[in-house]
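**Q** Quick one: the structure is below, and I'll ask about it shortly.
What follows draws every value from the coordinates through simple rules; no lab data is involved. Note that the structure is a prediction, hence the values are computed from the model and not measured. Quick reminder, even Gly has a Cβ in these numbers, built from the backbone with ideal geometry, and neighbours come from all protein chains shown.
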Amino acid sequence: MSGGPTPALGWLWTVRPLGAHGGGDRAAGRIGAATARTLAARGAAVVIGDVDPRAADVVSEIEGAGGRALSVRCDVTDEESVAALSMKHALRHMDAQGSGAVVAVSSILRLVGQTNSAPYSAAKAGVANLVRSAGLEYAPTGIRINADAPGYVETPLTAGLDESVRSQMTARQPIGRLGTPEEVAEVICFLASDAASFVTGAVWSVDGGYVAQ
Ligand SMILES: NC(=O)c1ccc[n+]([C@@H]2O[C@H](COP(=O)([O-])OP(=O)(O)OC[C@H]3O[C@@H](n4cnc5c(N)ncnc54)[C@H](O)[C@@H]3O)[C@@H](O)[C@H]2O)c1
């Protein structure tokens, strides 16, 4: 990856709580797919964990472009199904090798509320504090644990919203537009790379200035 050696493996977890996502035309989550493509283009071997079997389409695309990828169908609500890929288990392997990087995906809603979003914002605040505490615990081991925290991003979900809602979202982001999955993926890849070797326990805003207000 730019700015540092390529990670041998990237685990992708960009899961949104079930029921909160819409659109039937995507192959794996938009941000997850963009991250997988970006990581693979920079030399990482990528494992995509997703409940949706269409993650295999992203794998085919990456392989077609000469990259290395594998998809594993699993459900994060089922401990057995995610066992080998969960952060809890991955940390054991990273600990044994004395290095590794975990990047979770939080949200602007870790800091602010939004109507009809109580479980989501509670979960995203939890992700933010999980990486802070886990980052501290693992700092002496050579493992870095961070999160990327997007604002409103162009995805099938936001594309399908009423124009007035989209305008409100755009107006709340000082940069004056929604983000792209690729812009979020860039920060995830940075945090996963050795270019971020002094970054741990951090939650990086990728939100066009939303939480700076
Ligand atoms: N899109 C945005 O505006 C935005 C903003 C802030 C944060 N985020 C966060 O970014 C991440 C990715 O968002 P996205 O917009 O790409 O979402 P998306 O809905 O396109 O992708 C989510 C993926 O999670 C998978 N998934 C859902 N439930 C699962 C389960 N139980 N087990 C395994 N996989 C499951 C889905 O199949 C899908 O591929 C999410 O964590 C989301 O909360 C998104």
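**Q** Suppose the filter is touching a Cys at 6+ places or on another chain (Cβ under 9 Å) and of a type outside the set (S, T, N, Q); does GLY49 pass it?
**A** So GLY49 passes the test.
**Q** Let me ask you something else. Name every residue in segment 118-142 that is under 18 Å from SER197 (Cα atoms), among the β-branched types (Val, Ile, Thr) and crowded, with 16+ Cβ neighbours inside 10 Å, in order of residue number.
**A** VAL131
**Q** Can you tell me which residues in segment 41-54 are under 15 Å from the mean Cα position of the chain (by Cα) and either more than 7 Å from the ligand (Cβ to nearest atom) or within 16 Å of ALA101 (Cα to Cα) (or both)? Lay out the reasoning, then the answer.
**A** Of segment 41-54, the ones under 15 Å from the mean Cα position of the chain (by Cα) are 46-50.
Of everything in segment 41-54, those that are under 15 Å from the mean Cα position of the chain (by Cα) and either more than 7 Å from the ligand (Cβ to nearest atom) or within 16 Å of ALA101 (Cα to Cα) (or both) turn out to be VAL46, VAL47, ILE48.
**Q** Any residue in segment 83-106 that is under 23 Å from ALA195 (Cα atoms) sitting within a Cβ distance under 8 Å of a residue that is loosely packed, with under 13 Cβ neighbours inside 10 Å? List the pairs, counting only those 6 or more apart or interchain.
**A** GLY100/HIS93
**Q** Scan (1) under 26 Å from SER205 (Cα atoms); (2) crowded, with 20+ Cβ neighbours inside 10 Å; (3) within 15 Å of the ligand (Cβ to nearest atom) for the single condition GLY113 breaks and write down its number.
**A** If we test GLY113 against (1) under 26 Å from SER205 (Cα atoms); (2) crowded, with 20+ Cβ neighbours inside 10 Å; (3) within 15 Å of the ligand (Cβ to nearest atom), just (2) comes out false.
**Q** What do you reckon, is GLY126 within 10 Å of the ligand (Cβ to nearest atom) and small (Gly, Ala, Ser)? Let's see the steps before the verdict.
**A** On the way: within 10 Å of the ligand (Cβ to nearest atom): no; small (Gly, Ala, Ser): yes.
Taking the combined requirement at face value, the residue does not satisfy it.
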